Structure formats: structure tokens, C-alpha cells
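Worksheet: the structure to be examined is printed underneath.
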Amino acid sequence: MHVLKYLSAGVAMTLFSAQLLAAQTPITNSQKQTANQLIETALDSDLGYDIVESLTTEIGPRLGGSEAEKRARDWGVELGKELGFDKVSIEEFTMPFWDRGQLHISLTSPYQQDLYGSALGGSAPSKKGINADVVYFRDIHALAEVKAGALKGKIAFVDGDAMVKSQTGAGYSQANMRRRVGWQHAERGEASALVVRSVGSDSHRFPHTGMMSKNEDKWAKIPVIAISNPDADHLRRLHNLDKPLSISLHSESKWKSDVSSGNVILDLVGSEKPEEIVLIGGHLDSWDLGTGAVDDGAGVAITTAAAALIAKLPKRPKRTIRVVMFGAEEVGLLGAFAYAKQHEANLKNHVVATESDFGAQTIWQLVSNVNPEATVLMDEIAKILSPLGIVRGGSDVPGGGPDIIPMARMGVPTIRLNQNGRDYFDLHHTPDDTLDKIDPDELAQNIAAYAATIYLIADSDVKLK
Ligand SMILES: [Zn+2]
């Protein structure tokens, strides 16, 4: 009797726990099975690699606003149709176009030696060539102290240090200060030009290009040139030997009139709540020195391939999955701002947004910035991703990638699948950003993680806001 009572109480307890567990587990067994199938299929598929190979080979470099970027949009539309997306469109916007032109830069004192440099985005032309003595600044903080007019007739060189390689890319925003705002201090000093140590972690003689920041709507009036890390090391050693440095440079970079760019939108329309949008994407434009494989052909390939695998399931998930191939990211998040503006009235229906824009190495962490109920969902998704080597990171980490910033500021919840960034800043914005740097297996791991995560969110009823 006592035993029976104990047993039935035990059964009741078990049933109670099962119910409790069901209430706490926002993922059904069948959804879990589908997610696991997606992971298996993705790990076996070449689709993502084929996409990034096609983009980098058939289109090549695609500077924001260029004719090549337009060809990339047409490519994106064709790809979306081919992969079975339900709706495919281009949303255009206009933008100012910065043209790199030719550059020559060399050391002329204490002896003649070519330097490996690249004009930074927004740099002005040198008109005639400039040949001037160099004033050396150990870092951006030293340059920031320069007095008005103190650099008249000189070329300023702002040194710094090569970035330390790291999983997270920590140190980028600090190092990037010299690229972004160095010109403003050099112009206050009335320098004829500014030369900057590249922002990167490599020791190759590749310069890293990248956009400068505007100052109250004004762009630089002087040429601003990034030189490779080894060239910057060389200048530092000569300076430390008290050698008089001079540099000759000629740059044709300049702004041209407005051009059109656009975002490519690929939708898998939701079967039950088509108005609710789960947004993923990458940016379609690239810098013009390499072929934009790692930045961000990989992101376009990862997110498009993940959604395309979900498109092959027998039934569409409940919510709409939208892949956005953002235009003109590198030159100031222009596609991102255009998207947020064009969809402003509908952003309340954007359930979550995330972008892949940190290369193609293995994903190691899932972070989120969603409500407590959705945090439980994300915890459960992380468990499903754990066989891929992915751990759960913070549940209050804002920002889903650069192109998501404007949307996130307007209240759209974000998640992010963080990639290992150890090699990212070796390649970032250099001529070395080419297809051979992508490991097909690592790319497939990314697609597996995205496919499972996005499917589980899109087929869920949990609100993330
Ligand atoms: Zn990027």
C-alpha cells in the first residue's frame, strides 16, 4: 500500500515534471529533428562555397556604388530565383561615389624606396605630386595633440602598432581611430597629406584600406594613405635612428557625382505568420583591392545557403525568413540606413535581425539581446548547436552586425553567431582577401549553425522583443 502510494506519487511527479519541462522547452521534438537534419545536410553541402566562388569569380571586386556592385545585385536576384526563394527584389537608393584612382607613394629620404600603400576611403586627390618632409607621430594620441598650423608644408605620419590577433577582434575599434579621424588632426596642423599605419594584424606588405569618418558632414581635403605594417615598421626604425624622413606621393582619389546602389531582398514567405520577419544577411559590396571573399562574400554565401536549405524543407517555417544582401556597407553602412528607412513602418514586425560579417572561420559562440522568454529559446538553440563546437555567450549583448545597427537602434532584437576572428584582420580590406582564404569545411559549419538557428526562430511562436 505504502509502496503503491509512493509509486503513484512518483508517476504523478514524473508527469508533473514532464509538463513543466514541456512548458520550459520552447522547441518541439519534431523541430529539434528538423534542425538536426538541417545541420547534417549543411555539413555535407557545397552550396555556400559555390555561392562565394561564383560571386568572387564572376563578379570580382564590388566597390559600393560601382558598376560591379550593380552586376552583383543582378547576380543576387538570379541566385535567389534559382534557389527557390518566394520573393526576390532590389530596393535602390542613391549615394555619393568615391573613386580610388591611381596612387604612387615612396620614401625619398634618407633614400629612395617604394612604399606599399592604399588611399583610404574619402581621401582627396593630391593634384600635383607632393614631396615633403615627414613629421612622425608615435600614435593617434600624439597626433591629436598637434597645434593648429604646426604641420604646414609637411606630411604627417601616424604610427601605432600592428593589431594583436584574437578570436574576437578586440582592439580593432581602438586601432581604427587613426584611420577614421587621423585626418582631422592632420588638417588642423595644415599638413599636406597624412600617412597612416594600416589597421591589421598581418606582417605582409599589403596595405589595409577602409573608410574614414566624416567631420560634421565634411570629408578630408588632403590625401590620406595607409601603408603596410612592414613599411610602417621601417619608417619607425629610421625615425628612431634620427634619419630625416621625406615622402613623395601622388594620389588621384576623389568624390564623383551621386550614383545608385541597392539592397537585394530574398524572402521565404512564412506559412502561418508571413508578416513576421526573421532577417539575416551579409553585405554584397566589398573593398576593391581583393575580391571580397572573406569580407563579405562569405556572409552573403552563409546566410543565402542557410535559407536555401530551409527552402528545401517540405513546409515553410511559420515566419518569413528574409535574406538581405546589403549594398554599400564598406562606404558607410549606406544600405543598412536605406533599409531601416524604407522599412521603418514595418520594423515592429521584424522578429530578430543578424548579419554574418566577420569572415568564414568556425562559429564558436551564440550571443543574444532578446527578452527573458526568448533567452530561454536561445539557450535551447545553443544546446542544439553544441555538437558544432558552439557555446552560449551573453544574453544581453547588443548588435547583430554592422548592417543591423540602424535597425537595432530602432528596437529590433538581435542575436549573433560569433565567428573565430583570429585571421580576419590579416586579410581585412587588403588585396589578400581572396577565395583561397576560405576553408570549405569551416564555411559549412557556419551554414549549419545559421540554418538550424534561423529555422528554429522562424518556426517558433516565441516573441523576441
Ligand atoms: Zn564587412
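Derivation of every value follows stated rules applied to the coordinates shown; laboratory data play no part. Keep in mind that this is a model prediction, so the values were computed, not measured. Note that each Cβ is placed from the backbone with ideal geometry, even for glycine, and that neighbours are counted across all protein chains shown.
7 Å from Cα along Cα→Cβ at both residue 89 and residue 410: what's the point-to-point distance in nm?
1.5 nm
Here is the link list: 70/218; 127/221; 32/463. Which ones come out longer than 21 Å on Cα distance?
Long pairs (Cα-Cα over 21 Å): 70/218.
Relative to the longest principal axis of the C-alpha atoms of the chain, give the angle of the C-alpha long axis of helix 29-44, reported between 0 and 90° and rounded to the nearest 10°.
40 degrees
Just to confirm the number: angle between the C-alpha axis of helix 177-188 and the first principal axis of the chain, 0 to 90 degrees, nearest 10?
30 degrees
Stretched out fully, how many nm does the piece from residue 237 to residue 188 gain, at 0.36 nm a residue minus the Cα gap? It would help to have the intermediate numbers written out before the result.
Values: separation 49, 0.36 × 49 = 17.64 nm, distance 2.68 nm.
Using 0.36 nm per residue and subtracting the Cα-Cα distance, I get 15.0 nm.
Which whole-angstrom value gives the distance between the alpha carbon centres of the stretch 180-246 and the stretch 397-450?
Using only Cα atoms to place each centre, the spacing works out to 27 Å.
Tell me, in nm to one decimal, what length is gained between residue 25 and residue 391 on full extension, where the rule is 0.36 nm per residue of separation less the Cα-Cα distance?
129.9 nm
Helix 372-385 versus the longest principal axis of the chain: what angle, 0 to 90°, nearest 10, using Cα atoms?
It is inclined by approximately 90 degrees.
Roughly speaking, what is the stretch gain from residue 174 to residue 131, that is 0.36 nm per residue apart minus the C-alpha to C-alpha distance, in nm to one decimal?
12.5 nm
State the three equivalent ellipsoid semi-axes of the stretch 101-252, derived from the C-alpha gyration tensor as the square roots of 5 times its eigenvalues, in descending order and whole Å. Show your work: numbers first, answer last.
Numbers: eigenvalues 83, 69, 46 Å².
For the stretch 101-252, the ellipsoid semi-axes come out as 20, 19, 15 Å.
Nearest 5 is fine: what % of DSSP beta bridges in the chain come out antiparallel, could you say?
60 percent
Label point 7 Å out from residue 349 along Cα-to-Cβ: which residues of the stretch 316-331 have amide N under 17 Å?
Residues 317-324 fall inside that zone.
For the chain, what relative contact order do you get, as a whole percent, if you take Cα pairs closer than 8 Å and at least 6 residues apart?
23 percent
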